[in-house]
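Okay, structure first, notes after.
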Amino acid sequence: MAYPYELGFQDATSPIMEELLHFHDHTLMIVFLISTLVLYLISLMLTTKLTHTSTMDAQEVETIWTILPAMILIMIALPSLRILYMMDEVNNPLLTVKTMGHQWYWSYEYTDYEELNFDSYMTPTTDLNPGELRLLEVDNRVVLPMEIPVRMLISSEDVLHSWAIPSLGLKTDAIPGRLNQTILTSSRPGLFYGQCSEICGSNHSFMPIVIEMVTLKAFENWCSSML
């Protein structure tokens with residue numbers, strides 16, 4: 001969960017989010033070094049009147065400023081493509097949950113269980129209990145087992161939505177007439193919050209998502225109580 005005045009990302013909960021954080025730090029360091037070099041060259045040009053005439057028309061300098069940016073782009077592109085393919089991989093999911101976006105709430109269906117489905121609405125401010133988060137709490141949380149690959153099938157019944165959980169590194173569009181899928185695996189238990197990340201209408205900001213990651217035994221007990 002994000003906290004006030006937070007400048008960085010939320011703590012990673014899944015291996016994919018950990019890879020995304022590492023890639024962010026890797027790219028940010030490259031950008032920082034480039035910005036420092038450019039700022040130094042600009043300040044140098046503005047504060048000195050000396051001109052080295054032999055470097056104004058030099059093949060070596062042109063070669064360097066052509067090859068160096070290409071190498072930097074490769075250093076950024078290769079890790080990016082690696083993570084992109086990792087996010088699309090679906091390796092033997094043990095549980096499948098179907099998510100449908102509506103105006104303006106989410107509905108969930110556990111396809112491996114008969115008649116295990118429910119709607120998830122935002123809890124009104126007047127009904128919040130002490131400690132619950134305004135505009136982020138829901139009446140029915142999505143309970144999932146931790147350390148198990150879970151496949152989410154995401155679609156919509158009316159307009160465009162987007163199912164996003166920042167701490168899990170997930171953001172998948174819910175498109176009417178199309179079924180998108182994503183895989184999630186949590187390395188620790190807890191509550192993880194998200195929201196619809198698509199401007200889907202006037203109540204777009206009132207479509208929160210709450211995932212409760214529990215142990216496998218607790219998940220089985222929850223399923224038994226819901227059926």
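The values are calculated or read from the model by the stated rules, or taken from the named source; none is laboratory data. Small disclaimer: the values here were computed from a predicted structure and weren't measured. As a convention, Cβ positions derive from the backbone with ideal geometry for all residues, glycine included, and neighbour counts pool all protein chains shown. Ligands, DNA and RNA are excluded from the accessible area calculation, which covers all protein heavy atoms including side chains. Shrake-Rupley method; radii C 1.70, N 1.55, O 1.52, S 1.80 Å.
Within the stretch 39-54, identify whether any single residue is under 20 Å from the mean Cα position of the chain (by Cα) and among the hydrophobic types (A, V, I, L, M, F, W, C), and answer yes or no. No - not one qualifying residue is present in the stretch 39-54.
Among the residues of the stretch 126-175, the ones that are within 19 Å of I16 (Cβ to Cβ), among the polar types (S, T, N, Q) and in a strand (DSSP E or B) come to 2 in all. Residues in the stretch 9-37 that are under 14 Å from G169 (Cβ atoms) and either in a helix (DSSP H, G or I) or open to solvent by 50 Å² or more (accessible area, probe 1.4 Å) (or both): F9, D11, P15, I16, M17, E18, E19, L20, L21, H22, F23, H24.
Every residue, every condition in (1) under 19 Å from the mean Cα position of the chain (by Cα); (2) open to solvent by 60 Å² or more (accessible area, probe 1.4 Å); (3) in the same structural domain as E198 (by the TED database), yes or no:
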{"residue": "T99", "(1), (2), (3)": "yes, no, yes"}
{"residue": "H102", "(1), (2), (3)": "no, no, yes"}
{"residue": "E147", "(1), (2), (3)": "yes, yes, yes"}
{"residue": "A174", "(1), (2), (3)": "yes, no, yes"}
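Pairs are defined by a Cβ separation below 8 Å, a sequence spacing of at least 6 or placement on different chains, a first member in the stretch 31-42 that is within 15 Å of L73 (Cα to Cα), and a second member that is open to solvent by less than 70 Å² (accessible area, probe 1.4 Å); the pairs so defined are I34/I72.
Just a yes or no: is a residue in the stretch 73-95 part of a strand (DSSP E or B) and open to solvent by less than 70 Å² (accessible area, probe 1.4 Å)? Yes - at least one qualifying residue is present in the stretch 73-95. Of all residues in the stretch 73-131, those that are closer than 30 Å to V31 by Cβ, without any contact (Cβ under 8 Å) to a residue 60 or more places away in the chain and acidic (D, E) total 1. In the stretch 197-222, which residues are open to solvent by less than 30 Å² (accessible area, probe 1.4 Å) and either of a type in the set (G, A, S) or in contact with a Ser or Thr (Cβ under 6 Å, 6 or more places away or on another chain) (or both)? Passing the criteria: only M213.
Of all residues in the stretch 114-135, those satisfying the criterion of being surrounded by 15 or more Cβ atoms within 10 Å (Cβ to Cβ) and either farther than 19 Å from F192 by Cα or charged (D, E, K, R) (or both) are L116, N117. Number of residues in the stretch 104-113 that are open to solvent by 50 Å² or more (accessible area, probe 1.4 Å) and within 25 Å of the chain's Cα centre (by Cα) equals 3.
Would you call G169 open to solvent by 80 Å² or more (accessible area, probe 1.4 Å) and of a type in the set (G, A, S)? Spelling it out, it is not the case that G169 is open to solvent by 80 Å² or more (accessible area, probe 1.4 Å) and of a type in the set (G, A, S).
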